[in-house]
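Below is one structure, written out as structure tokens, with a few remarks after it.
The values are calculated or read from the model by the stated rules, or taken from the named source; none is laboratory data. Every value quoted in this text rests on a predicted model; they were computed, and no experiment measured them. All Cβ positions, even for glycine, are placed from backbone atoms using ideal geometry, and neighbour counts span all protein chains on display. Side chains included, ligands, DNA and RNA excluded: accessible areas come from the protein's heavy atoms. Shrake-Rupley method; radii C 1.70, N 1.55, O 1.52, S 1.80 Å.
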Amino acid sequence: MQIVLLLITCENTFREFLSLFQHINLFTFDYCDYRVMFRLLPTSKGRQFLKSFPFYGTYKSLYSTAALCIENSPNDIENQKKEIDFELLFQSCTKTQTAKQLHALLIVFGRMQCITSTTRLVNLYAHLGDVSLSCRTFDQMENKDTYTWNSMVSAYVRNGNFRKAVTCVFEMLSNSSIRPDFYTFPPAFKACLSLVDGMRLHCWVFKLGLQWDVFVSSSLVHLYCRFGEFNMAHRIFIGMPSRDLGCWNAVISGFCQNGNFVEALTILDEMRLEGINMDSMTVSSILPVCSQNGDIKQGMLIHAYAIKQGLEFDVFVSNALIKMYANSGELQQAQEIFDRMLSRDLVSWNSLIAGYEQNNQPDLAIRFFHKMLVDGSIQPDLLTLVSLASSFAQTRDLLCSKSIHGYILRRCWISNDVKIGNAVADMYAKLGCVDPARRIFEEIPVKDEVSWNTMITGYAQNGFASEAIEIYRTMKDCENITPNDATLVSVLPAYAHLGALREGMKTHGQVLKRGLHLDVFVGTCLVDLYGKCGRLDKALSLFSEVPKRSPIPWNVIISCHGIHGKGVTSLKLFRDMLDEEVQPDHVTFLSLLVACSHSGLVDQGKWCFKLMQEEFGLKPSLRHYGCMVDLFGRSGQLERAHNFIQNMPLRPDASVWGALLAACRIHGNVELGKVASDRLLEVDSENVGYYVLLSNIYANVGRWEGVDAVRSLARDRGLRKTPGWSSIEFNNVIEVFYTGNQSHLQSEEIYKELAVLTAKIKDLGYIPDFSFVLQDVEDDEKEHILMSHSERLAIAYGILNTPPKSTIWIYKNLRVCGDCHSATKFISKITEREIIVRDSNRFHHFKDGYCSCGDYW
């Protein structure tokens, strides 16, 4: 049994009066068995016991099952009620406990029968964050008016109970005695969790004739913008008799979010013509879209307007300016705005850190992260660590990447937020650590499309094309996940890498079905797929359909022709690109240099290298220098290539010395090859390919002691040569052959066919080149080793199983050896077939005894 002691002293001030209620807790009663005793302490002359409360019976059913009613005269109650200022009491309530005490006082003095007081109590509980008490107070009211219902709806919305708010609105609308007004719908529209509920409420607005109210119309505009129905929002906006600044901002923000930059600017111009000035919300909405559409000039004009109107130091405006300039690559401007900010929040730091990270300046991103920690007033959040993870991946700093991973694990953020899990998986994938990336991927409890895309891209970019395709197939089997355009952009390069044209064509069908073929990224990947699978005609056809305003599709089609040995065509496409006024980038010139290198166009390659610097102001990277070394080396100008390396302004890396070593292998320059290999072992001693190249150089000149020494060095370091394999597709099955393979079901027939072919091509002038045999054995054994190379096994299989004179497609993971290249030319002539071989460097089209590479590869 609980006893509530009411102490009332008329001479006390209201503050003392409230302090006397510290033990009253109306809603903690047992509701089962308690007695209420109201005692008036005799602390002043003339006090009497309360004899009766005529209003008590109304609340008896709510607050007690048994109560003692101590009577007092009505006149005494009225006198005491007049002495209490309830307005001041409502204003004094700053805690839920005090509000409950006030609630008890309202019951005692019969004020709970007053709708105004009760509704005010509902609002008070909601304002203090206890919507459950608001709801219980509301439910016990016998009479409710529109204001009461509106208060309850607003209480739900204010405390984030949107579903209950919508339910409350529809319950109100079903009550025929209550007529909603223009205060009912704005919070209701804000609470709608689905477009259907919003449209139902919109119908009620029309039914009640409230569509012309500016507040209702504005909330409708906000509703439709929130659900992406920007056309409907615009129609409502146009029909509004008057518009406030919030409504203008809602429409402008909606079109900006929809990517309709032109329409957003048009509405902005209309707003200015009507004499309405932009505020901080308008400016912060329009600025990000300026950078997304590449209209930095428009953004700078808005920046000037913000300065003129004194909005520059507003935190929201400053943050939007930092994002705009950072997204446009104007990092110095972004930095200056950040430095001038009077106060910075977490968004300010995140915007600047992300700007440096996205503009390939990870060191500065990391530096400002440390400055943020030194500042001490702001702690990093998930978005900070997303940018930081990408920055450490760019710097190839595995140790710091693991530190970030540990920081995230300690806070259990991977299981709580899918974005941070995706970022960590992407970080490891970019570092080449696909196994940790896969473990992170598996730990994410609820995976989204980005999770799957990250894993597919990670496998594909690290050379695990088969695993990328397997992840893609698993993704398609998931019920709640649908592959999007980013998924297709991730998986199509994997098909291109494997030469899996048939599977790629199936994905092409899905692209057409979903209408994504005109997307510049998806379309470019399709061009790359067909180009790398040897279908240049189809690649050109798709290229003609892709939007060509950016250099990306041009780069791909130039590269595709380059790997097919069509350097002249690549240069022509480059001139077409310039005629279309498309600005080339670093990748454009990299593709051109590769094309010139594979076609022996030395002078044209030198022209491209000079043009990129003098005409377009592009600074060559190490990859560009590596292509120039390859260009000189393939043409036999080894000394010139070596001198070029020595005069480089950058320190040569493995790709530069590797290009020189490969050229020494082609032209048999042992001395210079030894110099290149020594430098390679200094910068990249873990790449087994360089040991293989050097041992091949020694083997070509018969220096077997050098071969043994190099192989022994590789073994001591735990390195193993990548086994060579070739594949051919027949009847939807990809057959893979390794060098010397005898486990195939048709092995006996294959070797018999090769023996017959070898005899025939010898009659046409074929002479085996034993320099490509890297074992010190007899000539007969060397000839057998050459005949059992993987590409020849695949060719023989194709001849046995495909119709006469049909084209044979072969894919090889390593460079085609010189002897197989010569033999395949003769085989194409005697079989009257076109044999297309794609090796690790380029395509070879063998036909009528000739190769498209012109023996230059």
_Can you confirm whether residue 702 is more than 19 Å from residue 628 (Cα to Cα) and either open to solvent by 20 Å² or more (accessible area, probe 1.4 Å) or touching a Lys or Arg at 6+ places or on another chain (Cβ under 8 Å) (or both)?_
yes
*Assess whether residue 529 counts as being open to solvent by 20 Å² or more (accessible area, probe 1.4 Å) and part of a helix (DSSP H, G or I).*
no
*Give the residues of the range 825-857 that are within 46 Å of the chain's Cα centre (by Cα), within 28 Å of residue 732 (Cβ to Cβ) and hydroxyl-bearing (Ser, Thr, Tyr), sorted by residue number.*
840, 852
*Filter the range 436-467 down to the residues that are farther than 25 Å from residue 814 by Cβ and among the acidic types (Asp, Glu), then identify the one that is surrounded by the fewest Cβ atoms within 10 Å (Cβ to Cβ).*
442
*Scan the range 434-471 for residues that are under 20 Å from residue 503 (Cβ atoms), under 17 Å from the mean Cα position of the chain (by Cα) and of a type in the set (Phe, Trp, Tyr) and jot them down.*
452, 459
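Would it be correct to say that residue 609 is buried (at least 24 other Cβ atoms within 10 Å of the Cβ) and among the aromatic types (Phe, Trp, Tyr)?
Criteria not met by residue 609.
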*Candidate set from the range 457-467 (those that are outside any loop (DSSP other than H, G, I, E, B) and of a type in the set (S, T, N, Q)); member that is farthest from residue 532 (Cα to Cα)*: 457
*Kindly list the number of the only condition in (1) open to solvent by 80 Å² or more (accessible area, probe 1.4 Å); (2) modelled with pLDDT under 85 that fails for residue 777.*
(1)
_Test: residue 825 is within 21 Å of residue 855 (Cβ to Cβ), without any contact (Cβ under 8 Å) to a residue 60 or more places away in the chain, basic (Lys, Arg) and crowded, with 19+ Cβ neighbours inside 10 Å_ = yes
*Lone qualifier among 598, 624 - being within 22 Å of residue 534 (Cβ to Cβ) and assigned to a helix (DSSP H, G or I)*: 598
*Among the residues of the range 799-813, is there at least one that is surrounded by 18 or more Cβ atoms within 10 Å (Cβ to Cβ) and closer than 24 Å to residue 637 by Cα?*
no
*Looking at (1) among the aliphatic types (A, V, I, L, M); (2) open to solvent by 30 Å² or more (accessible area, probe 1.4 Å); (3) within 35 Å of the chain's Cα centre (by Cα), which is the only condition residue 675 fails?*
(3)
*Condition broken by residue 706, with the remaining ones in (1) in a loop (DSSP other than H, G, I, E, B); (2) free of Cβ contacts under 8 Å to residues at least 60 places away in the same chain; (3) in contact with a helix residue (DSSP H, G or I) (Cβ under 9 Å, 6 or more places away or on another chain) satisfied*: (1)
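Counting only residues that are within 15 Å of residue 288 (Cα to Cα) and part of a helix (DSSP H, G or I), which one in the range 251-262 is nearest to the chain's Cα centre (by Cα)?
First, pick out the residues of the range 251-262 that are within 15 Å of residue 288 (Cα to Cα): 252-262.
If we keep only those that are part of a helix (DSSP H, G or I) as well, we get 252-257, 261-262.
Details: 252: 25, 253: 22, 254: 21, 255: 22, 256: 19, 257: 17, 261: 22, 262: 25 Å.
Only one residue tops the list, namely 257.
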_Suppose we filter the range 254-274 for residues that are open to solvent by 30 Å² or more (accessible area, probe 1.4 Å) and either of a type in the set (Lys, Arg) or touching a Cys at 6+ places or on another chain (Cβ under 7 Å) (or both); how many remain?_
1
*Here are some residues: 552, 558. Which one is modelled with pLDDT of 95 or more and either part of a loop (DSSP other than H, G, I, E, B) or touching a Ser or Thr at 6+ places or on another chain (Cβ under 9 Å) (or both)?*
558
*Given (1) at pLDDT 90 or above; (2) open to solvent by less than 30 Å² (accessible area, probe 1.4 Å); (3) not small (Gly, Ala, Ser), index of the condition residue 847 fails*: (2)
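So in the range 705-729, with the set limited to residues that are open to solvent by 50 Å² or more (accessible area, probe 1.4 Å) and touching a Ser or Thr at 6+ places or on another chain (Cβ under 8 Å), which one is modelled with the lowest pLDDT?
717
Applying the selection to the range 570-628, what residues are small (Gly, Ala, Ser), more than 20 Å from residue 651 (Cα to Cα) and in contact with a helix residue (DSSP H, G or I) (Cβ under 6 Å, 6 or more places away or on another chain)? So that I can check it myself, show each step before the final result.
The first filter runs over the range 570-628 and keeps only residues small (Gly, Ala, Ser), leaving 570, 591, 595, 597, 599-600, 605, 617, 621, 626.
Restricting the remaining residues to those that are more than 20 Å from residue 651 (Cα to Cα) gives 570, 591, 595, 597, 599-600, 605, 617.
Of everything in the range 570-628, those that are small (Gly, Ala, Ser), more than 20 Å from residue 651 (Cα to Cα) and in contact with a helix residue (DSSP H, G or I) (Cβ under 6 Å, 6 or more places away or on another chain) turn out to be 570, 591, 595, 597, 599, 605.
Among the residues of the range 371-403, write down those that are farther than 22 Å from residue 327 by Cα, surrounded by fewer than 21 Cβ atoms within 10 Å (Cβ to Cβ) and not basic (Lys, Arg). So that I can check it myself, show each step before the final result.
Here is the first cut: in the range 371-403, the residues farther than 22 Å from residue 327 by Cα are 373-379, 396-403.
Next cut, surrounded by fewer than 21 Cβ atoms within 10 Å (Cβ to Cβ) only: 373-379, 396-400, 402-403.
Matches in the range 371-403: 373, 374, 375, 376, 377, 378, 379, 397, 398, 399, 400, 403.
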_Qualifying helices (runs of 4 or more DSSP H) (wholly inside the range 123-212; at least 3 residues being open to solvent by 40 Å² or more (accessible area, probe 1.4 Å))_ = 131-139, 162-173, 195-208
*Give the residue that is most open to solvent (accessible area, probe 1.4 Å), with candidates limited to residues of the range 468-524 that are without any contact (Cβ under 8 Å) to a residue 24 or more places away in the chain, assigned to a helix (DSSP H, G or I) and of a type in the set (Asp, Glu).*
477
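Considering every residue within the range 719-736, establish whether at least one is of a type in the set (Gly, Ala, Ser) and assigned to a helix (DSSP H, G or I). Outline the logic, then answer.
Residues of the range 719-736 of a type in the set (Gly, Ala, Ser): 724, 726-727.
Restricting the remaining residues to those that are assigned to a helix (DSSP H, G or I) gives none.
The answer is no; no qualifying residue exists.
Among 571, 578, 592, 540, which is surrounded by fewer than 23 Cβ atoms within 10 Å (Cβ to Cβ), closer than 24 Å to residue 855 by Cα, more than 24 Å from the chain's Cα centre (by Cα) and free of Cβ contacts under 8 Å to residues at least 40 places away in the same chain? I'd like the intermediate steps shown before the answer.
Working: 578 fails: closer than 24 Å to residue 855 by Cα; 592 fails: surrounded by fewer than 23 Cβ atoms within 10 Å (Cβ to Cβ); 540 fails: closer than 24 Å to residue 855 by Cα.
The match here is 571.
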_Boolean, residue 621 is open to solvent by less than 20 Å² (accessible area, probe 1.4 Å) and modelled with pLDDT under 95_ = no
_Being surrounded by 15 or more Cβ atoms within 10 Å (Cβ to Cβ) and on the phi > 0 side of the Ramachandran plot narrows it down to one residue among 534, 626, 562; which is it?_
534
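Would you check which residues across the range 798-819 are within 20 Å of residue 730 (Cβ to Cβ) and in contact (Cβ under 8 Å) with a residue 40 or more places away in the chain and list them?
Going through the range 798-819, the residues within 20 Å of residue 730 (Cβ to Cβ) turn out to be 798-813.
Matches in the range 798-819: 798, 799, 800, 801, 802, 808, 809, 810, 811, 812, 813.
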_Filter result (over 51 Å from the mean Cα position of the chain (by Cα) and open to solvent by 50 Å² or more (accessible area, probe 1.4 Å)) within the range 730-754_ = 748, 749, 752
